[in-house]
Amino acid sequence: MLARRHTIFNIVMILIPWLSLCFVDKTKVRRYALSSVIIGMFEIINHIYGHQRNWWKFYDKPKSFLKDELPFDLGPYMPLSIWMLSLSYGNFKKFVLLNALTNAFFTFVFMPFLKTIKILQLDRLNYVQFFIYIHYKAYLLYALQYGLEKARLTQ
């Protein structure tokens with residue numbers, strides 16, 4: 001039963017964020033896609049490291065990066081990066097605030113929910129450490145997009 005619930009959760013978690021991009025202007029999707037993909041790959045590396053360090057624990061056995069952590073990268077991470085940039089790029093304070101609120105919701109509301117429905121729980125990190133783990137990448141995303149914008153302007 002856990003495996004089926006986990007599979008359905010993964011499918012929904014991947015489909016909904018990508019379908020939500022239908023509501024973002026196509027020029028903005030193209031503009032922010034490269035930085036979102038690059039930061040998404042960086043997040044995959046972070047997840048591999050966290051997987052090895054047992055920072056979180058998935059209830060479903062056997063452990064598998066492909067069915068456990070990867071759907072979080074493919075699903076919400078890259079599309080939400082596009083959303084965050086499209087809603088606030090150019091206003092750094094707004095970008096940081098929007099990311100902090102989103103990351104706080106994910107950390108302090110959604111993670112306990114995932115524990116309740118027996119998908120995932122934090123193991124060697126507490127909620128504050130996990131918030132820092134996901135929030136610092138917002139600054140990298142903004143800096144990466146800023147660098148890409150500068151590179152486009154110099155061409």
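The HN-Hα couplings worked out from phi for the range 72-87 by the Karplus form 6.51 cos²θ - 1.76 cosθ + 1.60 (θ = phi - 60°) are 5, 6, 6, x, x, 5, 5, x, 5, 5, 5, 4, 4, 5, 5, 7 Hz, whole numbers, x standing for Gly and Pro. Within straight-line reach of Lys118, meaning a Cα separation under 16 Å, sit the following lysines at least 8 residues removed in sequence or on another chain: Lys57, Lys61, Lys63, Lys67.
The magnitude of the dipole of the chain, with charges of +1 and -1 set on the Cβ of Lys/Arg and Asp/Glu and taken from the Cα centre, is near 60 debye. Accessible surface for the chain, divided over its residues, is 58 Å² per residue with a 1.4 Å probe. Between 0 and 90 degrees, the angle of helix 2-20 with respect to the longest Cα principal axis of the chain falls at about 10 degrees. Roughly speaking, what is the stretch gain from Ile11 to Gln52, that is 0.36 nm per residue apart minus the C-alpha to C-alpha distance, in nm to one decimal? Using 0.36 nm per residue and subtracting the Cα-Cα distance, I get 12.4 nm.
Given contacts defined as C-alpha pairs under 8 Å and at least six residues apart, what's the relative contact order of the range 1-82, whole-number percent?
Across the range 1-82, relative contact order equals 57 percent.
Once C-alpha pairs closer than 8 Å and six or more residues apart are averaged by separation and normalised to the residue number of the chain, the relative contact order reads 33 percent. Helix-only arithmetic for the chain: the sum of -39500 (n - 2.57) across DSSP H runs with n ≥ 4, divided by the residue total, places the mean residue ellipticity at 222 nm at -23000 deg cm²/dmol. What residues of the range 21-46 lie in the reach of a label at Lys63, counting those whose backbone N is under 19 Å from a point 7 Å from the Cα along Cα→Cβ? Output list for this probe position: 44-46.
Leaving out ligands, DNA and RNA, what percent of the accessible area of the range 36-141 is carbon and sulfur, probe 1.4 Å? Can you show the working numbers first?
Values: 3830 of 5420 Å².
Percent of accessible area from carbon and sulfur atoms in the range 36-141: 71.
Alpha-carbon geometry of the range 1-128: the Rg and the Dmax are 15.2, 46 Å, given in that order. Geometric descriptor of the range 75-155, per residue, is 97 Å³ (volume of the convex hull of the Cα atoms).
The values are calculated or read from the model by the stated rules, or taken from the named source; none is laboratory data. None of these values were measured; they are calculated from a predicted model. Cβ coordinates were reconstructed from backbone atoms using ideal geometry, including for glycine residues, and neighbour counts include every protein chain displayed. We work out accessible area using only protein heavy atoms, side chains counted, and drop any ligands, DNA or RNA first. Shrake-Rupley method; radii C 1.70, N 1.55, O 1.52, S 1.80 Å.
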